[in-house]
Amino acid sequence: LYLSSNNLSSTLPPGLCELKDLWELYLQDNSFTGHLPLGIGNFIIMDHMDISANKLSGELPASLSKLQMLEYLNLSQNTFDGRIPEQLHHMLSLGTIDLSHNKLSSEIQNHWRNFNTSRSWTCPSIYWKERFQVVE
């Protein structure tokens, strides 16, 4: 589903998470507000998700970790806060994740220290820049 740069503004539609057969979701560069829906983990075959450059807020739901086929996740340039859910380190297919330009806690928990360093991460913490490959 490609709806990037369409000047869309509202909360993410509740029925979006019922589209379980989506492989790719591109909603970047709009003006979506509110939280990521808890049902975001329903996209069990999704491999690419980009919801960057919106006005989304709140904590990242742990249900993101159900996206076991996800290879690319970009949630940058929103106002997400809180800690990065520890369950995300179980996403074995995830090759690239961009969480930059949010208000996420930069405190790194022990479960992230053993994360595969060949993966590409973008996160605003100095520790992340030293430990992981960062694309700026």
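Okay, here's what the table says:
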| quantity | calculated |
| --- | --- |
| Accessible heavy-atom area order of Leu19, Leu38, Leu88, highest first, probe of 1.4 Å | Leu38, Leu19, Leu88 |
| The range 14-113 shape via C-alpha gyration tensor axes, a/c threshold 1.5 | oblate |
| Within the range 35-107, trypsin sites (Lys or Arg not before Pro) in DSSP loop having at most 16 other beta-carbon neighbours inside 10 Å | Arg83 |
| Cβ-placed point charges (K, R +1; D, E -1), dipole of the range 14-113 about Cα centre in debye, nearest 20 | 260 debye |
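The values are calculated or read from the model by the stated rules, or taken from the named source; none is laboratory data. Just so it is clear, the structure is predicted and the values come from calculations on it, not from any experiment. Counting neighbours? That spans all protein chains shown, and the Cβs are built from the backbone with ideal geometry, glycine included. Side chains are part of the model used for accessible areas, which takes the heavy atoms of the whole protein and leaves out ligands, DNA and RNA. Shrake-Rupley method; radii C 1.70, N 1.55, O 1.52, S 1.80 Å.
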